[in-house]
Every structure is written in C-alpha cells, then in structure tokens.
Amino acid sequence: IGLSIRLLNNDNDKVYYANCPTWKDKVLRRHGDRMIVLGPNQFQSDGRADNTMNLGGIKVGSAEIERVVNRVPGVLETAAIGVPPPEGGPDRLIVYTVTKPEADRAALKNLMQQAIKEHLNPLYRLHEVSFIDALPRTASNKVMHKDLRAKYRQQETAKSGARP
C-alpha cells in the first residue's frame with residue numbers, strides 16, 4: 001500500500017496542485033487517470049494516462065490504441081501493452097483481446113492493424129494479438145496492464161526455453 005502523503009524528489013504542490021480548479025473551496029489535484037465526460041455529472045475512467053509505450057520512436061498511450069481497436073467488429077474490449085524485444089529497440093505492440101463469440105479471430109490482427117494505420121499512425125506495427133477470456137482488473141475495475149506485461153514476458157521466456 002502506498003502511504004506517502006508528499007511527492008519525493010519533486011515539488012509536490014507544483015506537480016499535483018498547480019493551476020488546478022477548486023470545488024467547494026478545495027483545490028482539486030491531478031491524478032494519473034484520464035477521464036471522459038459523458039454528460040452532466042457523468043464521467044468514465046479511461047485508465048492510466050501515463051501507461052505509454054515507445055512504438056517506432058513515438059510515444060503513445062495504451063488508451064489511444066485501445067480506443068481504436070475496440071471499434072473493430074467482433075471485439076468486446078482490449079488492453080494494449082508495449083514490450084521491448086530482447087535484442088533492444090522500440091517496444092513491440094501486443095494487444096490482449098476479449099472477443100464476441102461470433103468473432104473471426106483469424107481476421108482480427110489484420111483488421112486491428114488496418115484500424116491503427118488509418119486512425120493513429122501507419123508506422124505502428126501490431127506484433128501480436130493474444131486472446132483472453134477476461135482482462136485482469138483492480139478492485140476499482142482498472143485494467144492491470146502491468147500484469148499483462150508480466151504474463152507476456154513469462155510466456156515468451158517459456159517459448160524460448162530461457163530461464164526467467
């Protein structure tokens with residue numbers, strides 16, 4: 001459990017409170033989540049804003065990729081992660097995908113790549129689509145990207161026969 005009440009090695013007030021609005025005479029603070037305004041008094045958490053990856057030298061957030069590939073027919077939800085290759089270099093883009101029962105899984109990687117090319121950046125290359133029954137979540141229903149990265153690395157280690 002993180003119990004810190006002040007940011008270490010940086011200006012806590014500047015990082016979390018500077019230029020933030022007030023509400024009921026209290027200054028609001030920054031957090032790490034991206035929020036979507038759905039309407040008056042309606043909001044939806046869109047996950048961590050700082051969950052980024054380096055794809056071909058360009059920083060991109062997982063939420064940006066997920067927003068695009070979630071619109072592909074047959075997809076229920078996704079979690080995008082970046083995993084650096086063992087030989088170094090830009091991250092490999094891996095998309096964990098929960099599909100509808102009728103989805104054509106064989107076609108999804110190409111459809112997702114096309115959506116990424118058209119709506120984000122043609123330089124982003126989808127390395128792998130991994131199908132999963134449900135995405136791992138925290139108690140507050142946030143997708144646990146860190147656990148998916150660890151799972152992917154563990155699977156790659158097992159495939160190569162190397163020791164973790």
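Please work out the FRET efficiency for the pair residue 137 and residue 25, using the Cβ-Cβ distance as r and a Förster radius of 35 Å; give the result to the nearest 0.05.
On the way: r = 35 Å, r/R0 = 0.99.
For R0 = 35 Å, the calculated efficiency reads 0.50.
Considering only alpha-carbon pairs that sit under 8 angstrom and 6 or more positions apart, the relative contact order computed for the chain is 15 percent. To the nearest 0.05, what FRET efficiency results for residue 158 and residue 123 with a Förster distance of 35 Å applied to their C-beta separation? That gives a FRET efficiency of 0.70. Normalised per residue, the accessible area of the chain is 68 Å², obtained with a 1.4 Å probe and no contribution from ligands, DNA or RNA. Partner lysines whose Cα lies under 27 Å from the Cα of residue 109, excluding those fewer than 8 positions away in the same chain, are identified as 59, 100, 117, 142, 146, 151, 159.
Largest GNM mean-square fluctuation across 66, 87, 128, computed for the chain with C-alpha springs under 10 Å, falls on 87.
Applying 1/(1 + (r/R0)^6) with R0 = 30 Å to the Cβ-Cβ distance of residue 38 and residue 59 gives a FRET efficiency near 0.65. Taking one quarter of the surface of the convex hull spanned by the alpha-carbon atoms of the chain gives a direction-averaged projected area of 13.4 nm². With each label modelled as a point 7 angstrom along the Cα→C-beta vector, the residue 12-residue 104 pair spans 5.7 nm.
Highest mean first, the peptides 76-84, 54-62, 152-160 sorted by other C-beta atoms within 10 Å per residue fall in the order 76-84, 54-62, 152-160.
In terms of its C-alpha gyration tensor, the stretch 58-127 comes out prolate, because a/c is 1.5 or above and the ratio a/b outweighs b/c.
The values are calculated or read from the model by the stated rules, or taken from the named source; none is laboratory data. Bear in mind the structure is a predicted one, so any value in this text is a computation, not a measurement. Reconstructed Cβ throughout: ideal geometry from the backbone, glycine too, with neighbour counts over all protein chains shown. The accessibility values were calculated without ligands, DNA or RNA, using every heavy atom of the protein model including side chains. Shrake-Rupley method; radii C 1.70, N 1.55, O 1.52, S 1.80 Å.
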